[in-house]
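Inspection log for the structure reproduced underneath, given as structure tokens.
Bear in mind that the values in this text are calculations on the coordinates, not laboratory data. Computed from a prediction, not measured in an experiment: that's the story for all the values here. Here the Cβ positions follow ideal geometry from the backbone for every residue, glycine too, while neighbour counts run over all protein chains shown.
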Amino acid sequence: MNIITQTTSYIKANIQQLLPSYFALVMATGIVSIAADIFGFTVYSKPLFYFNILAYVVLWIFLGVRSIAYFSDLKSDFKDSSRSFGFLTLVAATAILGQQFIFFEENYKIAEILYYVSFLLWLILIYTLFTIIAINKNKLTLGKGMNAIWLLIVVSTASLSILGTALVEHLTIADEILLFISLLLFLIGCMMYIIIITLIFYRLAFFPLRAEQFAPAYWINMGAVAILTLAGSDLLLQANHWEFLASIQHFINGFVLLFWAIGTWWIPLVVILGAWRILSKAKPVSYQPQYWGMVFPLGMYTVSTYKLAKASQIDFLVNIPKVFIYFALLAWTITFFSLLINIFQGFFMKTVSEK
């Protein structure tokens, strides 16, 4: 088998098995790059931005090929409630990339396009996925069908709110209308988190949980409230653009602090359960695409805590992200190099063995 045939075969296999949530790679890279820039790690920030553009384009190509060549696999993912909400990473990844274009290039035109694309994706995916679940006759039980992936409903919704808020004064839409939309999305995200996390907590407490079932994606328990904290903080920082928003500042501030506190509470628990998963040797410690779902919350918690400190004027909170930025950068670096090793082992080692 020549190298071209081997390469084609390897790429096809990976496209066929592409996880719906693989755009978490773009989400994680985007927020970590922003966090790195905020705290002066410029050696990371700009390169991660350019890498993210490439990763976003490549993943869209892979998804496009999969939707044509492996449509039955794609259809199965849409019907599986334990995986289907992973498609919402497309929304969050698009919105976060839009934030990067604002943050690094001040390119509001591309950010505007990405805002409309992410909004359209959100509308299509949210209502398609909920409709499929509602009318599906062969529904999974709560124990099998419910997991932390569902919280991508919250993450995708909040990511739209954040990008919309960042585009105030840069769209043809009136400031108050754009802020109203962002406020609604923030509140929808808050309510969705309360509903979904209740079911997840119920599942963790009253259903058997094997160590291998506690996937890295459970870090989204914290990441979802971290992104709500960021969405609320950004709204607070834009309150001077709309009188009504200024009038409910205290209400939003209370919600933001509530969700930040919940996110902070989750961190020790997911660390403990993650350690239990590793120590029980349920699965060998190796690269999994789901690890990007752990990197993202670390980066998001870093940025959201920084923004919370600014919006609420609780200055001492800035000391927390000054520490967490190191965890976020370390987690991204380890996961990225694990991905490279996985590619090497999956392709080059296989090529050698077949020769």
- Dipole check, the chain, charges on Cβ (K,R +1; D,E -1), about Cα centroid: among 207, 85, 309 the Cα furthest to the positive pole belongs to 207
- How about the range 277-344: which trypsin sites (Lys or Arg not before Pro) there are in a DSSP loop, with at most 11 other Cβ atoms within 10 Å of their Cβ? 281
- Query: Tell me, what HN-Hα J-couplings in whole Hz come from the Karplus equation 6.51 cos²θ - 1.76 cosθ + 1.60 at θ = phi - 60° for each residue of the range 318-333, using x for Gly and Pro?
  - Reply: 4, 5, 5, x, 4, 8, 5, 4, 5, 5, 5, 5, 5, 4, 5, 5
- Task: Quote the charge dipole size of the range 77-175 about the Cα centre in Debye, to the nearest 20; the model charges only the Cβ of Lys and Arg (+1) and of Asp and Glu (-1).
- Result: 740
- Calculated from backbone phi, Karplus (6.51, -1.76, 1.60) coupling profile of the range 101-106 in Hz, x at Gly/Pro: 5, 6, 5, 9, 10, 6
- PRE zone check, label point 7 Å out along Cα-to-Cβ of residue 128, amide N under 16 Å, scope the range 145-176, hits 153
- Cα-based helix-to-principal-axis angle, 249-279 vs the chain, degrees rounded to 10: 20
- Message: What value in Å³ per residue do you get for the convex hull of the alpha-carbon atoms in the range 66-158?
- Response: 103
- Relative to the longest principal axis of the C-alpha atoms of the chain, give the angle of the C-alpha long axis of helix 89-100, reported between 0 and 90° and rounded to the nearest 10°. 60
- Query: Based solely on its DSSP helices, what 222 nm [θ] is calculated for the chain when runs of n ≥ 4 H residues each add -39,500 (n - 2.57) and the sum is averaged over all residues, nearest 500 deg cm²/dmol?
  - Reply: -25000 deg cm²/dmol
- Query: To the nearest 0.05, what FRET efficiency results for residue 247 and residue 198 with a Förster distance of 35 Å applied to their C-beta separation?
  - Reply: 0.70
- Query: Based on the Cα coordinates of the range 1-110, what is the per residue volume of their convex hull in Å³?
  - Reply: 123
- the range 145-304 - Rg (one decimal) and Dmax (whole number), Cα, Å: 17.3, 56
- Across the Cα atoms of the range 218-346, what radius of gyration and what greatest pairwise Cα-Cα distance (Dmax) are found, in Å? 17.3, 58
- Can you list, bin by bin at 10 Å, the percent of alpha carbon pairs in the chain, starting at 0? 5, 25, 35, 25, 9, 2, 0, 0
- Query: How large is ³J(HN,Hα) for each residue in the range 294-308, as worked out from phi by the Karplus curve 6.51 cos²θ - 1.76 cosθ + 1.60 (θ = phi - 60°), to whole Hz, x for Gly and Pro?
  - Reply: 9, 5, 4, x, 5, x, 5, 5, 4, 5, 5, 5, 4, 5, 4
- Item | Of the GluC sites (Glu not before Pro) in the range 81-170, those whose Cβ has at most 16 other Cβ within 10 Å and which sit in DSSP loop | 106, 169
- Query: Once both axes come from the Cα atoms, what is the angle between helix 42-69 and the longest principal axis of the chain, in degrees from 0 to 90, rounded to 10?
  - Reply: 60
- Calculated FRET value between residue 78 and residue 265, using beta carbons and R₀ = 35 Å, to 0.05: 0.55
- Message: Charges at C-beta only: +1 for Lys and Arg, -1 for Asp and Glu. How large is the resulting dipole of the chain about its Cα centre, in Debye rounded to 20?
- Response: 1500
- Query: Taking other Cβ within 10 Å of each residue's Cβ, how do 170, 250 sort, fewest first?
  - Reply: 250, 170
- Query: If you take the square roots of the eigenvalues of the alpha-carbon gyration tensor of the range 36-91 and sort them as a ≥ b ≥ c, do you get rounded (a/c under 1.5), prolate (a/b over b/c) or oblate?
  - Reply: oblate
